[in-house]
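Colleague: So that we are looking at the same thing, I have put the structure below in structure tokens.
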Ligand code: SF4
Ligand code: SF4
């Protein structure tokens with residue numbers, strides 16, 4: 001019995017995988033849920049879909065004087081994917097990095113200035 | 001009056017649903033009577049809504065019990081209307097008289113302050129709500145309700161009259177259990193709430209004499225988030241996100257049970273394809289959970305090679321989950337009223353390519369373990385759950401099946417879904433009810449789950465995204481799924497498309513009360529990690 005354990009332990013060899021920094025490195029699936037990121041400004045001034053569907057209020061539309069900026073707080077995000085699925089402009093997509101660490105919580109917040117047609 | 005109607009949603013096809021409203025006395029008597037039968041199980045028991053303010057007046061503080069008769073194929077919803085009693089005692093009288101006779105050695109804890117009770121009562125009376133200051137205890141006849149009624153009592157202040165062990169359960173920061181055993185040579189060992197490994201928080205109080213465990217009391221609810229209350233006022237779609245987060249390792253099972261309840265309540269018609277996907281996710285979840293339990297058990301018995309190998313298999317399965325659904329823990333895979341957004345062609349390819357290799361390895365190490373005397377010796381008479389206890393506590397999942405009870409939601413209420421997948425309820429051959437029986441049940445279930453996954457995959461190739469419209473805004477629903485730890489059940493009341501009341505019974509909620517019994521009764525201190533690993537309980541599932 002002991003020999004069998006020894007052999008089977010040895011037979012599997014060393015099993016290591018690299019720690020994936022980018023999701024493509026480990027998982028070939030493109031839409032692997034990490035956290036969303038914004039690809040560009042939102043040009044639709046009337047639409048409020050993303051801030052409406054986000055269950056944790058991680059996305060807010062900051063109504064500035066003339067144009068509306070988008071504010072995304074990935075610290076509050078639960079990676080449900082609704083913003084990625086529902087935005088008609090394709091503003092949101094899954095981030096490439098699978099993890100993210102910051103020293104201060106505010107660093108998780110990013111903003112994108114308002115639409116170009118304003 | 002009984003109003004039988006045929007259940008319309010797919011998971012309950014062919015089942016009859018009854019709704020009964022009774023006086024609360026009769027209701028408890030009827031439930032207890034039904035539960036005396038071997039074929040009837042309690043799916044849900046509790047107040048329809050925790051505090052009642054937000055819900056419709058007719059639901060406020062109404063007692064609900066849902067039972068399932070698996071041979072008659074019927075589900076009975078029983079509501080206990082507690083009409084205000086004109087001979088009602090004044091709050092002061094209520095508090096000066098002892099609420100219950102605690103078991104010897106149990107400390108009587110101070111209850112809610114009379115003022116708090118008085119004001120909440122006054123509020124209830126003013127708002128015209130029907131109040132029930134007390135109700136007959138079901139736990140006095142059915143031990144499975146012991147913890148549930150303690151929780152109900154603490155949340156609402158309503159007293160289950162005749163409850164044999166009425167102590168606070170929800171606030172471990174204020175109340176911890178007291179030792180029971182006294183006398184020379186007895187020793188009290190508190191363990192937790194912070195424990196080694198990545199275990200969640202739980203407190204265990206051991207009363208020992210020498211090595212022997214005489215008595216063990218678990219105290220949980222360190223992670224109580226009051227999710228049922230959080231969801232009130234949300235749309236079912238948003239509440240589903242909460243349901244997924246009840247217990248991370250049973251994400252798919254909770255999401256499935258919740259969706260089934262919501263679909264029944266809101267009149268969605270999920271397609272067969274839809275249900276098949278859910279079944280598949282459920283089995284993928286079982287695979288990684290069972291292999292995790294193998295790993296924990298190997299670790300508890302010092303089998304380090306096996307532990308590492310199973311941990312590796314678990315990681316591979318988690319990555320496979322992520323490749324197929326986008327989430328390692330299958331979050332977002334189960335959706336309300338529609339199919340998962342999964343590329344099944346690719347998913348099938350990945351699963352069929354990787355699962356056989358993982359299976360071969362897992363099997364090899366399982367076989368080795370089962371032929372290793374030191375492993376078997378540690379498991380054999382350890383942590384026995386008597387068949388009688390399992391029955392009276394309503395124990396579910398592998399723990400129940402290890403006692404020889406054929407309790408498996410997949411073969412009773414979901415049979416017509418699972419029939420074609422070759423699922424069979426796996427009870428232990430020896431039905432000894434100990435750690436080894438539980439291990440063996442999981443070993444057999446590993447095979448079955450793998451078989452179901454491979455059986456289901458070809459039927460999923462044709463993914464058509466069927467969106468079904470909700471057809472009613474108001475209703476109640478009950479959803480059941482078999483998680484890796486046993487049956488989970490969700491009860492949902494909706495009005496205007498929003499959640500009015502939600503009830504969750506996770507598998508671990510049924511199994512935790514029996515854990516203390518299994519850990520005492522002839523076991524020694526060093527058996528505890530093995531018993532713990534063989535139960536594989538979820539803390540968050542109970543705490544919710
Ligand atoms: S993934 Fe979900 S939680 Fe995160 S920002 Fe998008 S909608 Fe909000
Ligand atoms: S980012 Fe997309 S979803 Fe949000 S407001 Fe702009 S167009 Fe609408």
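The values are calculated or read from the model by the stated rules, or taken from the named source; none is laboratory data. Just so it is clear, the structure is predicted and the values come from calculations on it, not from any experiment. Neighbour counts run over all protein chains shown; Cβ positions are idealised from the backbone, glycine included.
Colleague: Select from the range A:22-34 the residues that are at pLDDT 65 or above and either out of contact with any helix residue (DSSP H, G or I) (no Cβ under 9 Å at 6 or more places or on another chain) or facing chain B (nearest Cβ under 9 Å) (or both) and list them in ascending order.
Modeller: Step one: filter the range A:22-34 for residues at pLDDT 65 or above, giving A:32-34.
Within the range A:22-34, A:32, A:33 qualify.
Yes or no, residue by residue, for (1) more than 9 Å from ligand 1 (Cβ to nearest atom); (2) away from every other protein chain (no Cβ under 14 Å); (3) in a loop (DSSP other than H, G, I, E, B):
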{"position": "A:78", "(1), (2), (3)": "no, no, yes"}
{"position": "A:85", "(1), (2), (3)": "no, no, no"}
{"position": "A:99", "(1), (2), (3)": "yes, no, yes"}
{"position": "A:103", "(1), (2), (3)": "yes, yes, yes"}
{"position": "A:111", "(1), (2), (3)": "yes, yes, no"}
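Colleague: Can you go through A:37, A:56, A:17, A:60 and tell me which one is modelled with pLDDT of 80 or more and within 11 Å of chain B (Cβ to nearest Cβ)? Steps first, answer last, please.
Modeller: On the way: A:37 fails: within 11 Å of chain B (Cβ to nearest Cβ); A:17 fails: modelled with pLDDT of 80 or more; A:60 fails: within 11 Å of chain B (Cβ to nearest Cβ).
Matching residue, one of A:37, A:56, A:17, A:60: A:56.
Colleague: Could you tell me whether the range A:68-91 includes any residue that is free of Cβ contacts under 8 Å to residues at least 12 places away in the same chain and either on the phi > 0 side of the Ramachandran plot or away from ligand 2 (no atom under 16 Å from the Cβ) (or both)?
Modeller: No: the range A:68-91 contains no residue that is free of Cβ contacts under 8 Å to residues at least 12 places away in the same chain and either on the phi > 0 side of the Ramachandran plot or away from ligand 2 (no atom under 16 Å from the Cβ) (or both).
Colleague: So, in the range B:432-445, exactly how many residues are outside any helix (DSSP H, G or I) and within 22 Å of the chain's Cα centre (by Cα)? Spell out how you get there, then give the answer.
Modeller: Of all residues in the range B:432-445, those outside any helix (DSSP H, G or I) come to B:432-434.
The next check asks that each one be within 22 Å of the chain's Cα centre (by Cα); those that pass are B:433-434.
Within the range B:432-445, residues that are outside any helix (DSSP H, G or I) and within 22 Å of the chain's Cα centre (by Cα) number 2.
Colleague: Among the candidates A:51, A:43, which residue alone is away from every other protein chain (no Cβ under 14 Å) and in a helix (DSSP H, G or I)? Quick ask: steps written out before the conclusion?
Modeller: On the way: A:43 fails: in a helix (DSSP H, G or I).
Result of the check over A:51, A:43: A:51.
Colleague: For the range B:383-411, give me each residue that is outside any loop (DSSP other than H, G, I, E, B) and touching a strand residue (DSSP E or B) at 6+ places or on another chain (Cβ under 8 Å). If you could, list the steps in order and put the result at the bottom.
Modeller: So in the range B:383-411, the residues outside any loop (DSSP other than H, G, I, E, B) come out as B:387-392, B:397-401.
B:397, B:398, B:399, B:400 - these are the residues of the range B:383-411 that are outside any loop (DSSP other than H, G, I, E, B) and touching a strand residue (DSSP E or B) at 6+ places or on another chain (Cβ under 8 Å).
Colleague: To continue, here is another question. Wholly within the range B:235-351, which helices (runs of 4 or more DSSP H) include no fewer than the required count, namely at least 3 residues that are touching a strand residue (DSSP E or B) at 6+ places or on another chain (Cβ under 8 Å), more than 19 Å from residue B:507 (Cα to Cα) and away from chain A (no Cβ under 11 Å)?
Modeller: B:251-266
Colleague: Kindly indicate which of B:326, B:248, B:332 is in the same structural domain as residue B:498 (by TED's automatic domain parsing) and surrounded by fewer than 23 Cβ atoms within 10 Å (Cβ to Cβ).
Modeller: Values: B:326 fails: surrounded by fewer than 23 Cβ atoms within 10 Å (Cβ to Cβ); B:332 fails: surrounded by fewer than 23 Cβ atoms within 10 Å (Cβ to Cβ).
Of B:326, B:248, B:332, the one residue that is in the same structural domain as residue B:498 (by TED's automatic domain parsing) and surrounded by fewer than 23 Cβ atoms within 10 Å (Cβ to Cβ) is B:248.
Colleague: In the set B:154, B:200, B:173, B:149, which member is under 20 Å from residue B:226 (Cβ atoms) and exposed (fewer than 15 other Cβ atoms within 10 Å of the Cβ)?
Modeller: On the way: B:154 fails: exposed (fewer than 15 other Cβ atoms within 10 Å of the Cβ); B:200 fails: exposed (fewer than 15 other Cβ atoms within 10 Å of the Cβ); B:149 fails: exposed (fewer than 15 other Cβ atoms within 10 Å of the Cβ).
Exactly one of B:154, B:200, B:173, B:149 is under 20 Å from residue B:226 (Cβ atoms) and exposed (fewer than 15 other Cβ atoms within 10 Å of the Cβ), namely B:173.
Colleague: Right, something else. Of all residues in the range B:352-369, count the ones that are surrounded by 14 or more Cβ atoms within 10 Å (Cβ to Cβ) and within 13 Å of chain A (Cβ to nearest Cβ). Before the answer, list the steps.
Modeller: Filtering the range B:352-369 down to residues surrounded by 14 or more Cβ atoms within 10 Å (Cβ to Cβ) leaves B:354-355, B:358-359, B:361-366, B:368-369.
Right, trim to within 13 Å of chain A (Cβ to nearest Cβ) and you get B:354, B:358, B:361-366, B:368-369.
Total satisfying the criteria: 10.
Colleague: Let me ask another. Restricted to the range A:1-14, and to residues that are within 10 Å of chain B (Cβ to nearest Cβ) and in a loop (DSSP other than H, G, I, E, B), which residue is farthest from residue B:366 (Cα to Cα)?
Modeller: A:12
Yes or no, residue by residue, for (1) touching a residue at least 24 places away in the same chain (Cβ under 8 Å); (2) closer than 16 Å to residue B:64 by Cα; (3) not in a helix (DSSP H, G or I):
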| position | (1), (2), (3) |
| --- | --- |
| B:145 | yes, yes, no |
| B:148 | yes, yes, no |
| B:153 | no, yes, no |
| B:160 | yes, yes, yes |
| B:163 | yes, no, yes |
| B:174 | no, no, yes |
| B:183 | no, no, yes |
